[in-house]
Amino acid sequence: MAGSRQSVQLTEAEIEEFLASQMKVQVATVGPDGAPHLTTLFYVLDEGKIVFWTYGSSQKVRNLRRDPRVTCLVEDGVDYFELRGVSITGKARLVEDYDEIKGIGSRVMTRMADGADLGELGEDLVSKQAHKRVGIVIEPDKVASWDHRKLGALPGQG
């Protein structure tokens, strides 16, 4: 499989399409002792960047205030020849403006609801939650991607 790394890479358009098709991102921050702190969150894309909201008092936010470095992973597939994903290394930009946080929260919640209108109750919930949360925008420095479906199946696998 020499040279297979390039053969499984996604194009920029494929990366954007893949990220738009998924809902959860694994986010690794640097803990106080230097160990990775890993969490999974729901996200939206904003101009190709991963954006999410989380509680302002969370460990990940405390980590990011101290050290903004982050690695994110969005992946899919079960079998080796189905595996695909995008790994993003960069810096997290914290969003602390209430209206921006509310907007991020509304978009994330709408996406979690499969695009359904949140209605007045949903928007009220987002408004109340936004006071306790921060938005996070991932500013990428390095992006790696793979799609093992491009390898084709082994003989006898289909």
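Values in this text are rule-based calculations from the coordinates and carry no lab data. From a predicted model like this one, the values you see are computed outputs, not experimental measurements. Please note: Cβ atoms are built from the backbone with ideal geometry, for glycine as well, and neighbour counts cover all protein chains shown.
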Q | Of 61, 41, 112, farthest towards positive along the dipole that unit charges on Lys, Arg, Asp, Glu beta carbons give segment 1-134 | A | 61
**Q.** For volume of the Cα convex hull per residue in Å³, calculated from these coordinates, the label among [x] 130; [y] 104; [z] 145
**A.** [x]
(Q) Can you return the lysines within cross-link range of residue 91? Criterion is Cα-Cα under 18 Å, with same-chain partners fewer than 8 residues away left out. (A) 49, 60, 142
Q: Please get the size of the charge dipole for the chain, origin at its Cα centre, with Cβ charges of +1 on Lys and Arg and -1 on Asp and Glu, quoted in debye to the nearest 20.
A: 680 debye
Q: Using 0.36 nm per residue of separation minus the Cα-Cα distance, give me the extension gain between residue 49 and residue 79 in nm, one decimal.
A: 8.0 nm
Q) Setting aside same-chain residues fewer than 8 positions from residue 24, which aspartates and glutamates have a Cα under 14 Å from its Cα? A) 75, 76, 114
Q | Estimated translational D of segment 20-72 in µm²/s (Stokes, Kirkwood radius over Cα pairs; 10 °C; 1.306 mPa s) | A | 137 µm²/s
Q | Residues in segment 18-44 reached by a label modelled at residue 150 [backbone nitrogen below 17 Å; 7 Å Cα→Cβ] | A | 18-20
Q: Normalising by the residue count of segment 12-89, find the relative contact order in percent from Cα pairs under 8 Å and 6+ residues apart.
A: 29 percent
(Q) Compute, for segment 92-154, the length of the dipole vector about the Cα centre, with Cβ point charges of +1 (Lys, Arg) and -1 (Asp, Glu) only. Units Debye, rounded to 20. (A) 400 debye
Q | Within a Gaussian network of the chain (alpha carbon springs, distance under 10 Å), most fluctuating of 142, 91, 24 | A | 142
**Q.** Rg(Cα)/(2.2 N^0.38 Å) for segment 49-132, N = residue count
**A.** 1.30
Q: Please give the calculated 222 nm ellipticity per residue for the chain, where each DSSP H segment of at least 4 residues contributes -39500 (n - 2.57) and the sum is spread over every residue; nearest 500 deg cm²/dmol?
A: -9500 deg cm²/dmol
